[in-house]
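Each reported figure results from applying straightforward, stated rules to the coordinates on display, with no laboratory input. Everything numeric in this text was worked out from a predicted model, so none of it was measured. So basically every Cβ, Gly included, is an ideal-geometry build from the backbone, and we count neighbours across all protein chains shown.
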Amino acid sequence: MTSQPILRLRNVVKTFGSFTALPGVNLDIEEGEFFTIVGPSGSGKSTLIRLLVGMDEVTEGEIWLRDRRIDQTPANQRPTCMVFQSLALFPHMSVGQNVEFPLKLRKVPAEKRRDRALELLDLLRLPQSYYSKRISQCSGGERQRVALARALAFDPEILFFDEPLSALDYRLRKTLEKELKDLHSRTGKTFVYITHSLEEAMVMSDRIAIMNKGHFEQIAVADEIYGRPVNRFVAEFMGEVN
Ligand code: ADP
Ligand code: MG
């Protein structure tokens, strides 16, 4: 890890009318970190991540990417990328066309696009023959891998995940948890991951932030949260897992 955080939030406030979803979030995320935000439904996880990728505007406060302030930067000009639960793939197109889509937007020549797509399939451990396979012929787990390959084709500095595995069955979820962790170490990218499952957070993360009603109760490595919960909320949240 470097000394300068890749992402810094300073007093980030988000209100919806008279409702305050985020009263003032401060957070530093280190370069290359697998950082997970975990908390009950309605605690403000999605709201926060939407501000970070630019899908919604901060009410107050600042978001910094290294030494660049980005809270007023349009989403498509931020070097970040969101991976959704099932990142809308184009079902009528092939795996290759889906993965190449971001490169096509950037007018990368066809041959280069193909090379990069094959490289990304390899990174996600999908056989090269999948390049011409239709999305509709892929299983749920394979689609998730294609979605990840496509996200990586944007070459984002930070990848954001909002509960990408929550709709999947237990076994597939366990497999993909392992693959995501593995992908994180092989790409060296910064991952910011959201889940309501502390168990999932414990398996994958470098650090975990426990969110409650728009603020963080504790930010620490898994062992510390497990061994030394700072308050009753964290302890009870932990208790629900065991
Ligand atoms: P989480 O992702 O942790 O389940 P959300 O960030 O989706 O929580 O929601 C946090 C709170 O903000 C909830 O009380 C939710 O009802 C509220 N909220 C989220 N988006 C909006 C919106 N567009 N308008 C009004 N309230 C919202
Ligand atoms: Mg949510």
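Data table
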{"read-out": "Top-ranked residue in segment 204-221 [being within 15 Å of the chain's Cα centre (by Cα) and aliphatic (A, V, I, L, M); ranked as nearest to Phe233 (Cα to Cα)]", "value": "Ala209"}
{"read-out": "Residue, surrounded by the most Cβ atoms within 10 Å (Cβ to Cβ), within segment 98-128, restricted to residues that are free of Cβ contacts under 8 Å to residues at least 40 places away in the same chain and assigned to a loop (DSSP other than H, G, I, E, B)", "value": "Leu126"}
{"read-out": "Matching strands (runs of 3 or more DSSP E) fully within segment 129-242 where at least 1 residues are of a type in the set (Ser, Thr, Tyr)", "value": "190-195"}
{"read-out": "Selected residue (criterion: farthest from ligand 2 (Cβ to nearest atom)) from residues of segment 87-97 that are surrounded by 14 or more Cβ atoms within 10 Å (Cβ to Cβ) and within 19 Å of the chain's Cα centre (by Cα)", "value": "Leu89"}
{"read-out": "Leading residue by the ranking (surrounded by the most Cβ atoms within 10 Å (Cβ to Cβ)) among those in segment 41-58 that are more than 15 Å from Phe19 (Cα to Cα) and within 7 Å of ligand 1 (Cβ to nearest atom)", "value": "Lys45"}
{"read-out": "Qualifying positions in segment 80-97 - part of a loop (DSSP other than H, G, I, E, B) and of a type outside the set (Ser, Thr, Tyr)", "value": "Phe84, Gln85, Leu87, Ala88, Leu89, Phe90, Pro91, His92, Met93"}
{"read-out": "Segment 131-181, subset within 16 Å of ligand 2 (Cβ to nearest atom) and touching a strand residue (DSSP E or B) at 6+ places or on another chain (Cβ under 9 Å), residue farthest from Ala117 (Cα to Cα)", "value": "Ser166"}
